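The values are calculated or read from the model by the stated rules, or taken from the named source; none is laboratory data. Everything numeric in this text was worked out from a predicted model, so none of it was measured. Reconstructed Cβ throughout: ideal geometry from the backbone, glycine too, with neighbour counts over all protein chains shown.
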Amino acid sequence: MLMLTCPYCGIAADETELHGGGEAHITRAGVEASDAEFEEYLFTRANPKGVHFEKWHHSRGCGRWFHAARCTVTMEVFGTYSAQTLQPPDEILAEIERRRPAASGK
Amino acid sequence: MKRRGRYSAFALVREAMRGHTGWQKAWESPLPSRKYDVVIIGAGGHGLATAYFLGKNHQVRNVAVLEKGWLGGGNTGRNTTIIRSNYLQDASAAIYEKARQLYESMSQDLNYNVMFSPRGVMMLAQTHHEARGYQRINNANIVQGVSTEYISPDQVRKLCPIISIDGPRYPVLGALWQSRGGTARHDAVAWAYARACSQMGMHIVEQCEVNAIRTRNGRVVGVDTGKGSIDCDKLAIVVAGHSGVAAEMAGFRLPIESVALQALVSEPIKPCLDIVVMANTVHGYISQSDKGELVIGGGADQYNNYSQRGSFHNVEETVRALVETFPIISRLQMLRQWGGIVDMTGDRSPIISKTPVEHVYINCGWGTGGFKSIPGSGWAMAELVASDQPGILAAPFGLERFGEGRFIDESVAAGVAH
């Protein structure tokens with residue numbers, strides 16, 4: 001079973017305690033956006049085979065949203081971090097770089 | 001091209017008399033040529049059906065089907081083999097019903113016993129909301145010409161005596177019954193198409209992973225594979241869970257996320273269930289194989305996954321719910337569990353479409369409903385590839401529907417368990 005540590009309450013939570021929220025760091029298209037940008041925002045997803053940045057909701061715990069970096073092939077978790085960021089923090093990227101030199105920057 | 005013998009009762013007797021020495025390989029395994037008119041990535045059911053109908057309906061026979069693993073080793077061999085076409089939306093009903101009809105005659109058409117068994121598919125209504133939903137689908141099916149009926153709990157009990165109608169948590173209020181739905185032997189479907197394609201002179205190349213897609217001026221010119229570089233006029237991507245990976249090679253992105261969907265089988269028992277039962281409220285569906293095993297499928301996992309395993313708690317929830325509806329299975333031991341990587345779109349309907357790259361076509365997004373649609377999908381995809389225009393079956397399933405907001409919304413229509 002997948003386990004993620006909630007960066008807010010610090011609990012190492014089973015996936016049954018969590019709810020997946022899909023890809024993280026998607027920029028919301030505003031009212032001035034084109035149709036293509038809106039389609040991209042609403043539907044188009046990275047869906048990588050490898051390192052994935054994703055949203056999780058600690059729904060049966062503290063109730064907060066957070067982000068995780070996880071490998072979609074091995075289920076390896078590189079770290080969890082605050083949802084209040086526009087991109088993954090440097091220490092998460094460094095951890096991915098350390099464990100997956102080829103996948104960094106993605 | 002060597003002509004293979006037809007399978008028949010006579011051939012069986014003949015081979016029995018001579019110690020089964022005369023059977024030939026069902027399909028050739030050639031090395032790829034330098035160039036083909038059409039290259040299809042993915043030798044699962046959908047890819048092979050696409051190749052078959054390119055040859056049969058459109059006389060395009062200079063075709064290669066490239067497979068990174070072994071033939072039919074992906075989702076084609078990992079599903080619960082259910083075939084039905086009782087969908088709400090007209091576009092879905094059309095293509096799934098086409099597929100179901102082609103399954104009816106597949107063994108004869110392909111001279112290969114795919115063991116299609118139209119035993120009937122029953123979708124239980126276990127909440128009032130679900131009962132109304134299925135009555136609505138039944139009404140839609142009548143208009144679409146798809147033969148289904150909405151049946152009472154008494155009829156459910158007659159068709160399926162082992163079911164617990166009054167179950168404490170989710171009593172059976174009725175069911176949507178498609179008597180002409182059923183199951184087929186999943187591997188045989190891939191093998192049958194492969195044999196037919198091979199007989200038409202097409203090349204099926206296994207263990208040949210595509211590493212790059214080459215384009216020039218926005219148009220495809222070929223692929224680089226583990227077995228060398230191959231040129232092609234047209235390229236069809238039919239790789240289900242790995243569609244995102246293939247699309248990235250071609251330089252575009254898709255409205256798709258890949259997740260694991262699990263199934264499991266019990267130890268074999270005496271015949272007790274001669275139909276397929278789906279209980280979508282509790283995320284479980286069940287049928288009994290010819291060997292006597294109960295084949296059980298559940299809902300999809302909640303997060304992106306390429307591991308072909310899935311989470312244990314999903315299996316646990318599925319079995320827990322089914323034990324309530326089928327109390328006699330409570331002491332059964334489970335033999336095997338496996339996962340397939342399904343490609344989910346936002347509206348839970350497939351994509352059969354041209355792409356931003358000229359002469360690259362994609363067939364994906366079948367999600368949890370891939371096996372049942374194989375022949376219809378191949379039929380529609382072949383038409384698209386051969387004429388560079390979608391036919392009547394494929395037209396509603398273009399990629400542009402997301403931008404246009406023109407969804408084929410089956411996530412609402414069919415619940416989670418397709």
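Is there a residue in the stretch B:301-319 that is in contact with a His (Cβ under 8 Å, 6 or more places away or on another chain) and assigned to a strand (DSSP E or B)? Within the stretch B:301-319, one or more residues are in contact with a His (Cβ under 8 Å, 6 or more places away or on another chain) and assigned to a strand (DSSP E or B).
The residue of the stretch B:336-367 that is nearest to residue B:268 (Cα to Cα), among those that are surrounded by fewer than 23 Cβ atoms within 10 Å (Cβ to Cβ) and among the hydroxyl-bearing types (Ser, Thr, Tyr), is B:353.
Only residues that are facing another protein chain (nearest Cβ under 7 Å) and under 16 Å from the mean Cα position of the chain (by Cα): list them for the stretch A:34-47, please.
The answer is A:44, A:45, A:47.
Scan the stretch A:14-33 for residues that are touching a residue at least 12 places away in the same chain (Cβ under 8 Å) and either more than 13 Å from chain B (Cβ to nearest Cβ) or within 13 Å of residue B:405 (Cα to Cα) (or both) and the total you get is 3.
Note on the stretch B:333-367: among residues that are assigned to a strand (DSSP E or B) and among the acidic types (Asp, Glu), the one that is nearest to the chain's Cα centre (by Cα) is B:343.
Taken over the stretch B:212-244, the criterion of being among the aliphatic types (A, V, I, L, M) and part of a strand (DSSP E or B) is satisfied by B:212, B:213, B:220, B:221, B:223, B:230, B:235, B:236, B:237. Among the residues making up the stretch B:327-339, those that are touching a strand residue (DSSP E or B) at 6+ places or on another chain (Cβ under 7 Å) and among the hydrophobic types (A, V, I, L, M, F, W, C) are B:329, B:332, B:334, B:335, B:338.
Taken as a whole, the condition of being of a type in the set (Ser, Thr, Tyr), under 25 Å from the mean Cα position of the chain (by Cα), more than 21 Å from residue B:396 (Cβ to Cβ) and modelled with pLDDT of 95 or more applies to residue B:147. Restricting attention to the stretch A:52-82 and to residues that are buried (at least 19 other Cβ atoms within 10 Å of the Cβ) and within 26 Å of residue B:402 (Cα to Cα), the residue that is farthest from the other protein chains (Cβ to nearest Cβ) turns out to be A:53. What about residue B:411, is it assigned to a helix (DSSP H, G or I), surrounded by fewer than 21 Cβ atoms within 10 Å (Cβ to Cβ), touching a residue at least 12 places away in the same chain (Cβ under 8 Å) and not acidic (Asp, Glu)? Taking the combined requirement at face value, the residue satisfies it.
Taking the stretch B:308-364 as the range and being charged (D, E, K, R) and either over 19 Å from residue B:80 (Cα atoms) or within 14 Å of another protein chain (Cβ to nearest Cβ) (or both) as the test, the residues that pass are B:309, B:316, B:317, B:320, B:324, B:331, B:343, B:347, B:348, B:354, B:358. State whether one or more residues within the stretch B:60-79 are in contact with a strand residue (DSSP E or B) (Cβ under 6 Å, 6 or more places away or on another chain), under 25 Å from residue B:241 (Cβ atoms) and of a type outside the set (A, V, I, L, M, F, W, C). For the stretch B:60-79, residues in contact with a strand residue (DSSP E or B) (Cβ under 6 Å, 6 or more places away or on another chain), under 25 Å from residue B:241 (Cβ atoms) and of a type outside the set (A, V, I, L, M, F, W, C): present.
The combined condition, being closer than 24 Å to residue B:72 by Cα and buried (at least 19 other Cβ atoms within 10 Å of the Cβ), is not fulfilled by residue B:134.
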